[in-house]
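Shown next, in structure tokens, is the structure this report addresses.
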Amino acid sequence: PLDARRVAPASRVLIVSNRLPSTVRVDEGRVQLTPSAGGLATGLRGVHDAAGSTWIGWSGAPAELPSATRREIALRLAEVDALGVPIHGPEIAGFYQRFANGVLWPVLHDRDDHPDPDPDDWATYRAVNARFAAVVAEEARPGDRVWVHDYHLMLVPRLLRARRPDLRTGFFLHTPFPDSMASLPQRRTLLDGILGADVVGFHTPAYAARFGDAVRATLGRDVELASGAGFADDDGRAVSVHACPMSVDAAGFAARATDPRVIRRVQELRAAGGPLFVGVDRLDHTKGIPERLAAFERLLDERPELRGRARLLQLAVPSREDVPAYRELRARVEALVARVNRRFATLAWQPVTYVYGSVDEVELSAMYCAADVMLVTPLRDGMNLVAKEFVASRIDEKGVLVLGEHAGAAAELRAALLVDPRDAGELSRAYARALDMSPAERRVRMRRLRARVDAHDVRRWADECLALLGADLQASERRGPGR
Ligand code: ADQ
């Protein structure tokens, strides 16, 4: 018999996020596309390739470009099934740098050391969200599913509902949901914006519960939630709220661990001998990089036998360099690295190797596979995919994961050495414990970690989220590769 889905026109998934999977740079009139950094882009890219979706977002280039260049950008983006939303230079500063990254990002990570939100920046945030909603409303065909991502676009679900009530819309927040949004005067509008969706997703049940509390307290709406799943009332319409932890391409990382180029690089990284600690992060305040370095310094102070042997390889991918607080953080980290090296380095040995930059997938996998101890110690983190990438890479069942308990990943990766990174003593004791751990214990822990990540990979995350959204991923996949 004929499979109905084979002949029915498949509904598309429209992925909507601030950035696209590729970032556009225009260099002397020439358009270049490079893969976007960060967890959202890395994690969703595979889903996009497999699902035949269309991805709507900002290209990374300001809208003030000659029309020929704009046309070329649109064509190049179309080749990767992406559609650009124009954002002008001054809007980038107000919407992206100041309101989203300068105010919302710290609030969502429970930091109150952010500047007061500027009313003009808030107006720009609203205007850019309205533009996103307009582009989606224009692009969406009846039956398409819209999947909106992250804190830059909290108003889009409500704005889209006003324009296209026929569309089913999901919203996924990649950051934590904070204990308190009290320092944010715009919280009512933002929460109401999210509640315009049909399905709202978070990484952990705790975030979903805090969202429920905020909706109840701030908007006075009924919310029923148990163990990270339930509903919130939006004037008689039930909005599904659920926890669904994002993950990584576990099979892909496992396969790469056997790539000869990776194996060669692992040998090089380990050639010096001695225990190797590794950290891989976007350079961001939430990642706890200064705390991690200070704890390494403390370890060298307290365990003199490690001097001349132990090394920390810290990779920091440049991020938000236009935001002043990020430039200050960079200077602080670099000063700390210099201090530890000044204090302990010998002619034959340098304790900290710090690289400010992006690396390719071979080098990244080699770092994961070479690590004796992987340090993932954010002060707060929505999920943290680096922890899962490390685990997925360790087919040898060696290596110890030291994981900050305030990362969303800590809710799942219980077999890691869980630490409070704000406690310098506890952190450096965890480093020592990782070094002293017996091979048998390492293996048992790594097996448990790997079982979790293998069973809950990024594909499962996408399937679960999209199933709630009612998207038929199987059907859209039948359009085949090359889309
Ligand atoms: P991020 O804060 O960007 O993501 P994370 O989840 O760790 O953090 O993802 C970072 C990604 O960038 C990883 O895929 C990693 O491999 C890659 N990466 C980091 N440094 C790199 C380097 N120097 N070179 C190359 N690649 C590098 C946000 C939230 C997280 C959440 C994700 C997904 O802050 O909490 O896990 O979204 O929801």
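What the phi angles of the range 240-252 give under the Karplus curve with 6.51, -1.76 and 1.60, with θ = phi - 60°, is a coupling list of 7, 10, 8, 9, 8, x, 5, 8, 10, 7, 4, 5, x Hz, glycine and proline written as x.
One Cα centroid belongs to the range 302-338, the other to the range 180-215; the line between them spans 34 Å. Here's how it looks for Ser22: its modeled amide H is under 5 Å from those of Ser36, which are all 5 or more places away or on a different chain.
What shape does the range 166-242 have by the C-alpha gyration tensor, where a ≥ b ≥ c are the square roots of the eigenvalues, rounded means a/c under 1.5, and otherwise prolate means a/b greater than b/c and oblate the rest? It comes out rounded by the Cα gyration axes.
Across the options Leu190, Leu40, Leu276, the greatest Cα extent toward the positive end of the charge dipole of the chain (unit charges at beta carbon of Lys, Arg, Asp, Glu) belongs to Leu276.
Work out how much length Glu441 to Ala467 would gain on full extension: take 0.36 nm times their residue separation and subtract the Cα-Cα distance, in nm to one decimal. If you can, show how the numbers build up before the last one.
On the way: separation 26, 0.36 × 26 = 9.36 nm, distance 3.80 nm.
Extra length available between Glu441 and Ala467 comes to 5.6 nm.
Listed values for the range 266-276 are Karplus-derived 3J(HN,Hα) couplings in whole Hz (6.51 cos²θ - 1.76 cosθ + 1.60, θ = phi - 60°), namely 4, 4, 5, 5, 9, 4, 5, x, x, x, 10, and x replaces Gly and Pro. Full extension of the chain between Arg111 and Ala68 yields a length gain of 11.1 nm, computed as 0.36 nm times the residue separation minus the alpha carbon distance.
Taking a ≥ b ≥ c as the square roots of the Cα gyration tensor eigenvalues, with a/c under 1.5 meaning rounded and otherwise prolate when a/b beats b/c, else oblate, which class fits the range 355-483?
prolate
Working note: Karplus 6.51/-1.76/1.60 with θ = phi - 60° gives the range 141-156 the couplings 8, x, x, 5, 9, 10, 10, 8, 10, 6, 5, 5, 10, 5, 8, 4 Hz, where Gly and Pro are set to x.
Taking 22 Å as R0, compute the FRET efficiency from the Cβ-Cβ separation of Thr189 and Arg422 and round it to 0.05.
Working: r = 32 Å, r/R0 = 1.46.
FRET efficiency, Thr189 to Arg422: 0.10.
Might you report the magnitude of the Cβ-based charge dipole of the chain about its Cα centre, with Lys and Arg at +1 and Asp and Glu at -1, to the nearest 20 debye? Please list the in-between numbers first.
Details: 67 positive and 65 negative charges, 213 e Å.
So the dipole magnitude of the chain works out to roughly 1020 debye.
Pull out a ≥ b ≥ c, the square roots of the eigenvalues of the alpha-carbon gyration tensor of the range 279-436, then state rounded if a/c is under 1.5, prolate if not and a/b is larger than b/c, and oblate in the remaining case. It is rounded, given that a/c, with a ≥ b ≥ c, falls under 1.5. Between Glu363 and Arg163, the modelled labels are 4.0 nm apart [label points 7 Å from Cα along Cα→Cβ]. Our estimate of slack between Glu28 and Glu138, defined as 0.36 nm per intervening residue step minus the Cα-Cα distance, is 36.4 nm.
To the nearest 0.05, how large is the calculated FRET efficiency for Thr258 and Arg414 if R₀ is 45 Å and r is the Cβ-Cβ distance?
Details: r = 28 Å, r/R0 = 0.61.
Computed FRET efficiency for Thr258 and Arg414 comes out at 0.95.
Placing a label point 7 Å from the Cα of Arg307 along the Cα-to-Cβ direction, the residues of the range 345-378 with a backbone N closer than 16 Å are 345-352. Secondary structure note: in the chain, about 25% of the DSSP beta bridges are antiparallel.
Report the far tail of the P(r) of the chain, meaning the percent of Cα-Cα pairs longer than 35 Å.
Details: 39075 of 116403 pairs.
Value for the chain: 34 percent of Cα pairs lie more than 35 Å apart.
Every number in this text was worked out from the coordinates using simple rules, so none of it is lab data. Because the structure is predicted, anything quoted here is derived from the model rather than measured. Reconstructed Cβ throughout: ideal geometry from the backbone, glycine too, with neighbour counts over all protein chains shown.
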